[in-house]
Amino acid sequence: MSLKGFKIFLIVLFGAFKINAQTGEIYGTIVNSDGDSIGASFVSLFKEGNQIDAVYSDFNGAYFLSGVNPGTYDVSVESLGLQTKTVEGVLVGTNQKVELNFKLLSSSKAVDIVEIIQYRKPLIDKDKQAKIYTSADVENLAVRDIEDIISTSVDAVSQDDGSGNVYIRGQRTEGTQFIVDGIKIKGKLSIPQNAIEQVEVISGGIPAMYGDNIGGVVIVTTKGGGSKGFGALESITSQGLDGYGYNLITGSYAGPLLKGKKDSNGILLKPSRLRCLFTGEYKNLLDSRPSALGVWKIKDEFLRDLEENPLRVASSGMGTFRNSEFVTNENLEWQKANQNIGSLNIRVAGKIDYQLSKKILITAGGNYNYSKGNSYIYEYSLFNSVNNPEYIKDQTNIFLRWKQKINVDSSKWLSSLNYQIQVDYTEENDINWDDSHKDDLFKYGHVGQFKTHRNSLYDYKEDGENGDAYYYKGEKDILYEFLGGGSNPNGSNYASQFYNLYEGLEEDNFENYLQASNGGALLNGDRPEHVYGVWYNTGRQYNGYFKGNSTQKRILGNITAKILKKHNVILGFEYEQREFRSYSVAPIGLWNRIRQLANSKNTELDLNNPSLTFSNGVFTDTVNYNYLYQGTESKGFYENVRDQFGLDYDEYFDSDFYGPENYSLSLFSPDELLAEGNGILANQGYDHLGNSTSKVQLNDFFHEKDANGAYTRKSNPYQPIYASGYIQDKFQFDNIIFNIGLRVDRFDANQPVLKDPYVLYEAYKAKDLNSDYSIPNTIDEEATVYVNSLEEEFPTITGYRLNNTWFDESGKEILDPSIIERASSNGEVTPFLKDPSTKIGDSNYKTSSTFEDYKPQYSFMPRLSFTFNLSDNSSFFAHYDVLTQRPSLNQNIFSPFDYLFLEGNVGSFITNSNLKPQKTIDYEVGYKQKLTYRSAITLSTYYREMKDLIQITAINYAYPVNYLTFGNLDKALIKGFSIKYDLRPINSNVSLNAGYTLQFADGTGSSPVSSASLISQGVPDLKIMLPLSFDQRHIIRGVFNYAFKPGKKYIGPDWSGKGRIILGGFSTNIVSKLSSGRPYSGQLNFTPEGNIINAERKALDGLINGNRLPWIYTTDIRFSKKVVFGLKKEANYQFKSELYLVIKNLFDTKNIVNVYNATGNPEDDGYLDAAASQPNIEAQTNYESYTDLYSLKIANPNNYALPRQIRIGFVMTF
């Protein structure tokens, strides 16, 4: 084979072999009662009664079972003439080595006895530092969602505010990677609880097999089927308990799909080769974000009156007042749940295992999540909750995995070899719209039918072109008539009532649409004005239609080998391509756009073609003109709508007379909808009509036209490519277990990027200038040249720039580029352009002058961890990790529209298609010590350095305009110390996991947009290390469980033999979380934080994030009672039921998660009492109404975490 062919073979091989090696190993030794090694013992691995694997021990009694999927197993050992022994419930995590040693009795009596013992996870794990939650842990915890489960650890924090955000060891929430059955999950993890086999949280010491994260990794493994059928039904409700309307029903089945082979006595000889798990969950919520303060609402009857009669005649007798601005506290009432923010969730998961042979297992599976509900908009909640938008989201994840163990002749250098191949596919669809209009876009904002009545106007001219006569000068609107029939009844009431209030007074009230609008009527395309700028008013339609589609395709695999009987080597690779499309319309604006375009090309009279009026062949006295059609080479709405109605191009079109059924997006050209970047359309991977596009050349976006001569403006979807490869070796040297690896990631954004973020067009570099110019020696040849003018043939050089560094004309580095700006003739920075006359979008514009392809980024990430087992009772551990994560699509996606309209939008925001991966360097050292036979303590300290974090930034002194974008600008340092205590329920009913973390999370930015407020106020971002907004210095967690075991394992009061019956199976689980408050910035002045738009400048008091919120304390509790019915055999149940009660936030603690910066109060911003505010307050329509409604607004329930929630549930298994 040639070298080239061998390289191709390697590429194909490694392209197929990689999986996030979610397998572990069970190993140990087998001895007899005298301690002598037993060779040739048969070791079997069982899962749900199915034999998964089997091996023989070597002559030293050593055995190992490799390639074990995470989960709980039974391990059985048989040896000729010796006792058979089975250990049940052996827990295996991802990439974990579990040591399990056996001692077999050799007496004659013991041969016929099978000893069954329960596995006890060692207090000192010699191999793994990750936190593992088994299916039993997940089911018994007082919390249910994955995010809540993760936050029971001191390594993670959340605020219990309903957001689902979890911060692992001071990292931004987006830094955590979720993996389910090897599939990377985008967004929030959603999977039925009864499908979970194991949840593993890795907060440090991340193996090389995991990448694309800079925080932590959460690995979820789902259950599989067994040899016996198993089913469960569960129902949970909060009806009659807390008023929030939580209802959940789940069902599952696991077992064989085909019958196994049995003998004549019904004993299973050969298990079924085809096994499955199917589980489904239905959840319905009345209130998806309960309020700790409850909810104030307008009384139903009063609200109906406001909706039907929104206006009153102004006190001046001219114009109108909004009746909503006379609402006071007397018109309100309190209730517990929010209005119209219910949700529906359906989650389904399944897995099928096919045992093709003893060495080959084929698994197919996936999960489907569907959610639908109404979004919570706080400003809608008082007057307009009926118009909360609807969201619909579904996500499908499917995978196919081939796992094979290859037979190898046991040798010194290779003991075992197995591999896995997996392909998976993820698709997510999102819709956001008004639930009454959905995708009928022209019903949005449709108030009703209006008819414009017009009169012709004439001027009498003497000695005119046609003599003394009356010359036509145009039309005048004399009546803008409202005919009703709107698609939005509450919005239409603004128009109908206005016309009723001024009936008979048409003059100066509704002669034309401007008078009607100024008087208070709503027109098509209008929405009611705010109530004092604080609340959105009745009848306000949601102005948004969004659909998005994203897919993820991956092929992955790994090869695992046992080399020299000590080295577990894993070699892997991954290839992934994502695709993202989005289509967004602001449909209410369509009506205003129609009104703007309807008669935009017939605004002038055709004076060259007069039409004289004759009577019996005699000129009377009137000269008429038609309107002049001023068309262009491209056709758009103006022409298309007239073609549709059969009108001449010079005729007037009364656009508001026609209803939604008469209009469609196809009447518009793309540029008419885009409207210079301020339009109603935003599309990525779709055309302007919402049809999918692909393989669009960038040059075509700027130049391609359709048959009507209109630019098509098609764009590509975002299609980044991610690939990785790694090698990892876990081995033991004496008492030290090493895990050493190297991971290499390759990220290709696969899209155009700006050649120069400071210059939109191609400019001269220092190396391009000839001898007419003298370039200082200090200037690099790649530096961009700036001049005084683009009008001069030989302009004067005013400065230079190399990347972000500026120099004056003499080559001296300067910190203030305004020196160059002032030196230009027009007072603006002026790069020396090669073609100053050509602008983006011109017919001769070439995209190669502005853009180039993204350069793929390679990240090399060494990983090193080790555990030094000092004894069976103590161990020392440490790790060093380098982690990287690609930028998210919201920050990285390329949109050609941003650049097409850049010159007309000074200070606009555009994404940065040239972002690089973010990076974390992580260190940790720790010590574990066994305290008693059932308890241990862990001490650890960690240090994290994060670089190239993404942050918004201003590109100042850019040409042709300044703009905002993202950059790899931020950094952070996380330092922490943790203490963890583990108490096991060995010979006891009590277990406890508790911990404390002292952590300092400092950085230059808390999120990718945290600098936006500084930029808007013109404050320079000095990149000072300050506490991050999610910095919590003290984190205390405790999970306490008290359980009375059923049956013979019962420990508790006897009560004359009734104690076991009454208390057996009863348990209490308590999850307590205590955290110090997060930081916030103080404010010197009082600003109206209750306003929807607050443009007042805020004066910083002290340092950024120099103040702290109060401590947060939450306790969740779960009481449960399990009962067994109908025993088949001594240890096998026919039916098992459980009744449980869950109370979240048991003490109904009002935890403060946000305050107003000027007061430090969650319910008062100080504005109403500030002296400077009084003139504005007194100028409002109604003083009492304004102060009542403003006070209500700033008592924002979102400033508190979730209130107490109570749920009762019942589970039946069979």
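The values are calculated or read from the model by the stated rules, or taken from the named source; none is laboratory data. For clarity, every value in this text was computed on a predicted model and none was experimentally measured. Neighbour counts run over all protein chains shown; Cβ positions are idealised from the backbone, glycine included.
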Of the conditions (1) crowded, with 23+ Cβ neighbours inside 10 Å; (2) in a loop (DSSP other than H, G, I, E, B); (3) not small (Gly, Ala, Ser), the single one that VAL220 does not satisfy is (2)
Consider the stretch 586-642. How many of its residues are out of contact with any Leu (no Cβ under 9 Å at 6 or more places or on another chain) and polar (S, T, N, Q)? 10
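Looking at the stretch 742-772, which of its residues are not basic (Lys, Arg) and not in a loop (DSSP other than H, G, I, E, B)?
Here is the first cut: in the stretch 742-772, the residues not basic (Lys, Arg) are 742, 744-745, 747-754, 756-764, 766, 768-772.
Once the filter is applied, which keeps residues that are not basic (Lys, Arg) and not in a loop (DSSP other than H, G, I, E, B), the stretch 742-772 yields LEU742, VAL744, ASP745, PHE747, ASP748, PRO752, VAL753, LEU754, VAL759, ALA763, ALA766, ASP768.
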Search the stretch 490-514 for residues that are farther than 16 Å from LEU479 by Cβ and pair each with any residue that is surrounded by fewer than 20 Cβ atoms within 10 Å (Cβ to Cβ) and aliphatic (A, V, I, L, M) when their beta-carbon atoms are under 6 Å apart and the residues are at least 6 apart or on different chains. LEU501/VAL313
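This table checks each residue for (1) of a type in the set (Val, Ile, Thr); (2) under 31 Å from the mean Cα position of the chain (by Cα); (3) modelled with pLDDT of 95 or more; (4) loosely packed, with under 15 Cβ neighbours inside 10 Å.
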position: LYS1058; (1), (2), (3), (4): no, no, no, yes
position: PRO1088; (1), (2), (3), (4): no, yes, yes, no
position: ALA1095; (1), (2), (3), (4): no, yes, no, yes
position: LEU1109; (1), (2), (3), (4): no, yes, yes, no
position: VAL1124; (1), (2), (3), (4): yes, no, no, no
position: GLU1130; (1), (2), (3), (4): no, no, no, yes
What about ILE1092, is it touching a helix residue (DSSP H, G or I) at 6+ places or on another chain (Cβ under 6 Å), among the hydrophobic types (A, V, I, L, M, F, W, C) and more than 30 Å from LEU1139 (Cβ to Cβ)? yes
For the subset of the stretch 393-427 comprising residues that are of a type in the set (D, E, K, R) and out of contact with any Phe, Trp or Tyr (no Cβ under 9 Å at 6 or more places or on another chain), which member is surrounded by the most Cβ atoms within 10 Å (Cβ to Cβ)? ARG401
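Do you know which residues across the stretch 382-415 are under 30 Å from ILE191 (Cβ atoms) and assigned to a loop (DSSP other than H, G, I, E, B)?
As a first pass, look at the stretch 382-415 and keep what is under 30 Å from ILE191 (Cβ atoms): 388-405.
The answer is ASN388, PRO389.
To keep it simple, each residue is scored yes or no on (1) in a loop (DSSP other than H, G, I, E, B); (2) touching a Gly at 6+ places or on another chain (Cβ under 7 Å); (3) under 30 Å from GLY170 (Cβ atoms); (4) not charged (D, E, K, R).
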site	(1), (2), (3), (4)
SER1029	yes, no, yes, yes
ILE1062	no, no, no, yes
VAL1071	no, no, yes, yes
ASN1085	yes, no, no, yes
Output for the stretch 836-856, where each listed residue is touching a strand residue (DSSP E or B) at 6+ places or on another chain (Cβ under 6 Å) and in a loop (DSSP other than H, G, I, E, B): TYR854, PRO856
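Say we look at the stretch 484-539 and pick out the residues that are among the hydrophobic types (A, V, I, L, M, F, W, C) and in a helix (DSSP H, G or I); which of these is surrounded by the most Cβ atoms within 10 Å (Cβ to Cβ)? Walk me through how you get there before you give the answer.
Keep residues of the stretch 484-539 that are among the hydrophobic types (A, V, I, L, M, F, W, C), which gives 495, 498, 501, 505, 510, 514, 516, 521-523, 531, 534-535.
Still in the running and in a helix (DSSP H, G or I): 495, 498, 501, 514, 516.
Details: ALA495: 26, PHE498: 24, LEU501: 18, LEU514: 12, ALA516: 24.
If we take residues in the stretch 484-539 being among the hydrophobic types (A, V, I, L, M, F, W, C) and in a helix (DSSP H, G or I), then ALA495 is surrounded by the most Cβ atoms within 10 Å (Cβ to Cβ).
Restrict the check to the stretch 152-159 and report whether at least one residue is under 15 Å from the mean Cα position of the chain (by Cα), under 30 Å from LEU939 (Cβ atoms) and part of a loop (DSSP other than H, G, I, E, B). Break it down stepwise before answering.
First pass over the stretch 152-159, keeping only residues under 15 Å from the mean Cα position of the chain (by Cα): none.
There is no residue in the stretch 152-159 that is under 15 Å from the mean Cα position of the chain (by Cα), under 30 Å from LEU939 (Cβ atoms) and part of a loop (DSSP other than H, G, I, E, B).
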Subset of the stretch 969-1007 [touching a Ser or Thr at 6+ places or on another chain (Cβ under 8 Å) and either polar (S, T, N, Q) or within 15 Å of ILE950 (Cβ to Cβ) (or both)]: LEU969, ASP970, LYS971, ALA972, SER978, ASN993, THR997, GLY1005, SER1006, SER1007
Can you tell me which residues in the stretch 524-539 are closer than 16 Å to ASN592 by Cβ and in contact with a helix residue (DSSP H, G or I) (Cβ under 8 Å, 6 or more places away or on another chain)? ASN524, GLY525, ASP526, ARG527, PRO528
Within the stretch 341-380, the residues that are aliphatic (A, V, I, L, M) and outside any strand (DSSP E or B) are LEU356, ILE377
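For GLY1003, indicate whether it is crowded, with 20+ Cβ neighbours inside 10 Å and free of Cβ contacts under 8 Å to residues at least 60 places away in the same chain. Write out each step before concluding.
Numbers: crowded, with 20+ Cβ neighbours inside 10 Å: yes; free of Cβ contacts under 8 Å to residues at least 60 places away in the same chain: yes.
Yes.
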Matching residues in the stretch 773-794 - criterion: being under 21 Å from GLY827 (Cα atoms), part of a loop (DSSP other than H, G, I, E, B) and aromatic (Phe, Trp, Tyr): PHE794
Say whether the condition of being assigned to a loop (DSSP other than H, G, I, E, B) and farther than 30 Å from ASP1188 by Cβ is met by at least one residue in the stretch 1088-1096. no
Checking ASP898 against (1) at pLDDT 95 or above; (2) not in a loop (DSSP other than H, G, I, E, B), only one condition comes out false. Which one? (1)
Let me spell it out: the conditions are (1) part of a loop (DSSP other than H, G, I, E, B); (2) among the basic types (Lys, Arg); (3) within 21 Å of LEU1109 (Cβ to Cβ), and LYS1023 meets all of them except one. Which number is the exception? (3)
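Can you pull out every residue in the stretch 915-951 that is within 26 Å of the chain's Cα centre (by Cα), over 30 Å from THR838 (Cα atoms) and not polar (S, T, N, Q)?
Restricting attention to the stretch 915-951, the residues satisfying the condition of being within 26 Å of the chain's Cα centre (by Cα) are 915-922, 944-951.
From what is left, the residues that are over 30 Å from THR838 (Cα atoms) are 916-922, 944-951.
Selection gives LYS916, PRO917, LYS919, ILE921, ASP922, ARG944, GLU945, MET946, LYS947, ASP948, LEU949, ILE950.
Evaluate the following for VAL759: is it within 30 Å of GLU574 (Cβ to Cβ), among the β-branched types (Val, Ile, Thr) and touching a strand residue (DSSP E or B) at 6+ places or on another chain (Cβ under 9 Å)? Write out each step before concluding.
Details: within 30 Å of GLU574 (Cβ to Cβ): no; among the β-branched types (Val, Ile, Thr): yes; touching a strand residue (DSSP E or B) at 6+ places or on another chain (Cβ under 9 Å): yes.
So VAL759 does not fit the description; no.
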From the options LYS7, LYS18, residue that is at pLDDT below 85 and in contact with a strand residue (DSSP E or B) (Cβ under 7 Å, 6 or more places away or on another chain): LYS18
Which of the residues that make up the stretch 457-466 are in a strand (DSSP E or B) and touching a residue at least 40 places away in the same chain (Cβ under 8 Å)? TYR458, GLY464, GLU465
Residue selected from the stretch 996-1032 under the condition touching an Asp or Glu at 6+ places or on another chain (Cβ under 8 Å) and among the small types (Gly, Ala, Ser), by the criterion farthest from ASP970 (Cα to Cα): ALA1001
Considering (1) of a type outside the set (S, T, N, Q); (2) in a loop (DSSP other than H, G, I, E, B); (3) out of contact with any Leu (no Cβ under 9 Å at 6 or more places or on another chain); (4) more than 30 Å from GLY685 (Cα to Cα), say which one TYR542 fails and leave the rest. (4)
Taking the stretch 315-337 and keeping only residues that are closer than 18 Å to LEU522 by Cα, of a type in the set (A, V, I, L, M, F, W, C) and surrounded by 15 or more Cβ atoms within 10 Å (Cβ to Cβ), one is left with PHE321
May I ask you to say which residue of LEU123, LEU82 is buried (at least 18 other Cβ atoms within 10 Å of the Cβ), touching a Leu at 6+ places or on another chain (Cβ under 8 Å) and part of a loop (DSSP other than H, G, I, E, B)? LEU82
